[in-house]
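Okay, structure first, notes after.
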Amino acid sequence: MHPSPTRQWRVPTVLPVAKLVAAVLLVALGLLLAGDDPVQPVLVGLGTVVLVGWALRDLVRPVRLAVDPDGITVAHGFAGHQRLTWPEIEAITVERRSRRGLNSETLEIDAGGSLHLYGRYDLDAPLDEVAEALRAARASAR
């Protein structure tokens, strides 16, 4: 049994809704542009299934990261979670990159054999704040 989390970060509610709306728009566009091409409905169907599956994952398992006194729980795989204790975690950093005029930030949790990456829209919080909260929880556990 895991201790109850002291803090959780989850996907913003608007994200799965936007994915479902995009799936509906994709189907509507596919119907609007339907022709004699047999490949088009297959591609529209595949795109729709992917968007709906992605949205369902966000609705079923919205929590991507949780912290408690013993460690953190990270999203793992499609809809699973993995428990990492503080001794397993080697580093918690926020990486910033700029490429072709676009800036991006990624929260990186290095657990030696695994690297867990999170963007702003995975956690619905500024990544610097999340990293600081994780580091503070780690420091208080020692």
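Only the coordinates and a few stated rules stand behind these numbers; no lab work does. Note that the coordinates shown come from a computational prediction; the quantities given were computed from them, not determined experimentally. Virtual Cβ from ideal backbone geometry, glycine too; neighbours counted across all protein chains shown.
Table for the structure above
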| quantity | calculated |
| --- | --- |
| Loop-located GluC sites (Glu not before Pro) in the stretch 45-142, at most 13 other Cβ atoms within 10 Å (DSSP) | E90 |
| Degrees separating the helix 14-32 axis from the principal Cα axis of the chain, which is the longest one | 20 |
| Chymotrypsin sites (Phe, Trp or Tyr not before Pro) restricted to the stretch 56-139 and DSSP loop, no more than 11 other C-beta within 10 Å | F78 |
| Contour minus Cα-Cα distance for S114 and L25 (0.36 nm per residue) | 28.3 nm |
| HN-Hα J in Hz across the stretch 69-80 - Karplus 6.51, -1.76, 1.60, θ = phi - 60°, x for Gly and Pro | x, 8, x, 10, 10, 10, 5, 9, x, 5, 9, x |
| Residue exposure sequence - H81, H76 - by fewest surrounding Cβ within 10 Å | H76, H81 |
| Helical mean residue ellipticity (222 nm; -39500 (n - 2.57) per DSSP H run of 4+; nearest 500) of the chain | -14000 deg cm²/dmol |
| Surface/4 of the Cα convex hull for the stretch 64-141, nm² | 5.4 |
| Relative contact order (%) - criterion: Cα under 8 Å, at least six apart; region: the chain | 25 |
| Relative contact order, percent, the stretch 64-141 [alpha-carbon distance under 8 Å, six or more residues apart] | 26 |
| Difference of contour (0.36 nm per residue) and Cα-Cα distance, E88 to Q40 | 12.5 nm |
| Rounded to whole Hz, the Karplus (6.51, -1.76, 1.60) HN-Hα couplings of the stretch 122-130, x for glycine and proline | 7, 10, 6, 7, x, 5, 4, 5, 5 |
| Additional length obtainable on full extension of the chain from V50 to V17, 0.36 nm per residue less Cα span | 10.5 nm |
| Over the stretch 14-59, volume per residue of the alpha carbon convex hull, in Å³ | 41 |
| Label corresponding to volume of the Cα convex hull per residue in Å³ when calculated from the structure given, among [x] 102; [y] 147; [z] 189 | [y] |
